[in-house]
Amino acid sequence: MPRKSDTPTTPSDQASPNSLDRRSLVKAGAGLALGSAFTSMATSEKAQAQTQAKGPVIRGDEHTLILASHPYPERSVVNKALWEVAEQAEGSIFKNLESIHGDDMWGFDRAAERKLYQQVDRIVMMFPIHWFNLTPMLKAYMNEIWWIGAPSELRGVELLVVTTTAGGPDAYQPDGRLGFTIEQVLTPLQASARYTGMTFSEPLAFLGAAGAGPDELTRYQGMLADRLSEPPRSA
Ligand SMILES: Cc1cc2nc3c(=O)[nH]c(=O)nc-3n(C[C@H](O)[C@H](O)[C@H](O)COP(=O)(O)O)c2cc1C
């Protein structure tokens, strides 16, 4: 398995936000084209079956760890469509937290996850916005694995948030119905990225996505495939 060439070796979990070493290298050839191939594969039976995977789905020379979470997966339409693409993304390890852990929010293996971080340059968090927040399982993941310090392996890793909302673009405006932009709603994750020394990149937010029809879902899948085909961004 490929390993990050410049993973910090300090055993300290306690990242100092003011003394964060950042990596400048992105693995060569990390940008793998999914492009136009995504449409047919995204709707394949194989892809649908894999959304139920009880373990991680690994695709090729992985540089991206995708953490998907939805507290009500059986009711999901939009995230479920996005998972089909994420599971097929080259160079990725896809974990559906609820499929793997059920409702056990304390069953994480911190040491194993830290080992995994050593080989990735990007972590993608995929979840629906519920009460202007991330999901309970994703929060539990952070609590249990990032703990009160921060794994040093996270430094320099890109954090990409992929999220979905019912509120539309007009609502997510300072002068809109909700009064906050989606970037503002995601401030806790941005702060967490800063604290851990990660690079918080522009979120991929599907606003007003609830109730999306087949055409819209296909468009979302294409946008996600394009984003995941880009090489990880580092500071
Ligand atoms: C309990 C709950 C809380 C929600 N809170 C919000 C919210 O705060 N803001 C918002 O825009 N949409 C909210 N929604 C709508 C979801 O974000 C939306 O249905 C979801 O992103 C669509 O993706 P899915 O089909 O994968 O569930 C909420 C939905 C539920 C069930």
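Coordinate-derived values only; no laboratory data. Owing to the predicted nature of the structure, the values given are computational and were not obtained by experimental measurement. Positions of Cβ are generated from backbone atoms using ideal geometry, with glycine treated the same way; all protein chains shown enter the neighbour counts.
Points worth noting:
- For segment 127-216, the C-alpha radius of gyration sits at 1.18 times the compact-globule guess of 2.2 N^0.38 Å, with N the residue count.
- Segment 160-235: chymotrypsin sites (Phe, Trp or Tyr not before Pro) in DSSP coil with no more than 15 other Cβ atoms inside 10 Å: none
- Calculated P(r) of segment 35-229 - Cα pairs past 31 Å, %: 13 percent
- Computed over segment 54-137, the range of Cα coordinates on each principal axis works out to 33, 28, 24 Å, biggest value leading.
- Under Karplus coefficients 6.51, -1.76 and 1.60, residue-wise ³J(HN,Hα) of segment 112-122 in Hz, glycine/proline x: 5, 5, 5, 5, 4, 4, 5, 10, 10, 10, 8
- The modelled label-to-label distance for the pair Glu144/Thr218, using points 7 Å beyond Cα in the direction of Cβ, is 3.9 nm.
- Working value for segment 102-174: equivalent-ellipsoid semi-axes of 26, 16, 10 Å, each the square root of 5 times a Cα gyration tensor eigenvalue, largest first.
- Using R0 = 30 Å, the C-beta based FRET efficiency linking Asp170 and Glu74 works out to 0.50.
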